[in-house]
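Structure first, commentary second.
The values are calculated or read from the model by the stated rules, or taken from the named source; none is laboratory data. Bear in mind that the values here come from a model prediction, so they are computed numbers and not experimental data. We place every Cβ from the backbone using ideal geometry, glycine too, and count neighbours over all the protein chains shown. Please note that ligands, DNA and RNA were not included when accessible areas were found on the heavy atoms of the full protein model with its side chains. Shrake-Rupley method; radii C 1.70, N 1.55, O 1.52, S 1.80 Å.
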Amino acid sequence: MIAPSKVQEPSWSDRWLNYWYRDRPGWIDGTRAFHALCRTAIPCDAEILEVGPGVGNPTSAFLSSLWTVHGLDVDPAAARNPSLRSFHVLSGPTYPFPDETFDAVVSDYVVEHVKNPSEHLREVFRVLVPGGVYALRTPNVLHYVGMVAAVTPHWFHALVSGRLRGHAQGAHEIFPTFYRLNTSRAIDRHALDAGFRIRSVEMVEKEPSYGLASRALFVAGVTYERVVNRFVALANFRANIFAVLEKPAP
């Protein structure tokens, strides 16, 4: 007689995420919200450059399900990303592409690692066709997580960040951060200086993925999320920035 297999009980974090977020009507997580923004902003049949795709992530997979995606990363290991049609290593400030190569550029949790935002945006602008768009998601440095990360050394950030994120979906490798393009005001200023038209900048607070290490942190994160989403005056303290920048057509 074969003993019945044991059904693994969901963890407390999964149960609480389901109760407070996933089972709520109309709720979608931050990654799916960013993908919906990309779907709206990027034209059909686009050639996309994903900056900082890494070896694989949910955004690469989503983009490649709809468009042709090419990758650019400082890490040569990103060549193993299965969603990319082609891959190039970024070894200097200039992107290895001719002018007006791509219909869209996408970066997901990348610009916080950019040391020179003006240089970065000028290169994105250069490789976009007229009318092309740059869609990005990045942490807001005015959020409590961003504030802590911005004032602590990299070794501390790397040590603590993985533990706080727990098993958060899409958790990425920890690279040095600079947070020089991580407020709505900074995006507005640098984007306009680079020649972009700002199509949208949205402040977004979703599930507290950095609170999965303990129940107390999770409850604190849920409370914070409810408050900053309820009051428009507190929008600048939400966790993430979603932005779409457009290269004007002649």
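Details
- Qualifying residue in region 84-93 (condition: assigned to a helix (DSSP H, G or I) and out of contact with any strand residue (DSSP E or B) (no Cβ under 9 Å at 6 or more places or on another chain)): no
- Count of region 203-250 residues which are of a type in the set (A, V, I, L, M, F, W, C), in a loop (DSSP other than H, G, I, E, B) and closer than 17 Å to Asn140 by Cβ: 2
- In region 94-130, the residues that are part of a strand (DSSP E or B) and open to solvent by 30 Å² or more (accessible area, probe 1.4 Å): Asp103, Val129, Pro130
- Verdict on Leu84 being crowded, with 20+ Cβ neighbours inside 10 Å and within 30 Å of Val219 (Cβ to Cβ): no
- Region 15-39 residues that are over 27 Å from Gly132 (Cβ atoms) and charged (D, E, K, R), paired with ones that are outside any helix (DSSP H, G or I) and at pLDDT below 95 (beta carbon under 7 Å, 6 or more apart): Asp29/Glu207
- Yes/no for Gly56 being part of a loop (DSSP other than H, G, I, E, B) and under 19 Å from the mean Cα position of the chain (by Cα): yes
- Residues that are open to solvent by less than 30 Å² (accessible area, probe 1.4 Å), of a type in the set (A, V, I, L, M, F, W, C) and either modelled with pLDDT under 95 or closer than 22 Å to Arg189 by Cβ (or both), drawn from region 219-250: Ala235, Ala239, Ile241, Phe242, Ala243, Val244, Leu245
- Within region 166-206, tally of residues that are in contact with a Lys or Arg (Cβ under 8 Å, 6 or more places away or on another chain), modelled with pLDDT of 95 or more and open to solvent by less than 70 Å² (accessible area, probe 1.4 Å): 7
- Ala216 vs. criteria small (Gly, Ala, Ser), within 18 Å of the chain's Cα centre (by Cα) and either modelled with pLDDT of 95 or more or closer than 29 Å to Asp14 by Cβ (or both): no
Each row is one residue, and each column tells you yes or no for (1) within 19 Å of Val124 (Cα to Cα); (2) surrounded by fewer than 20 Cβ atoms within 10 Å (Cβ to Cβ); (3) hydrophobic (A, V, I, L, M, F, W, C).
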| residue | (1), (2), (3) |
| --- | --- |
| Gly30 | no, yes, no |
| His35 | no, no, no |
| Cys44 | no, yes, yes |
| Glu47 | yes, yes, no |
| Gly52 | yes, no, no |
| Thr59 | yes, no, no |
| Leu63 | yes, no, yes |
| Leu66 | no, yes, yes |
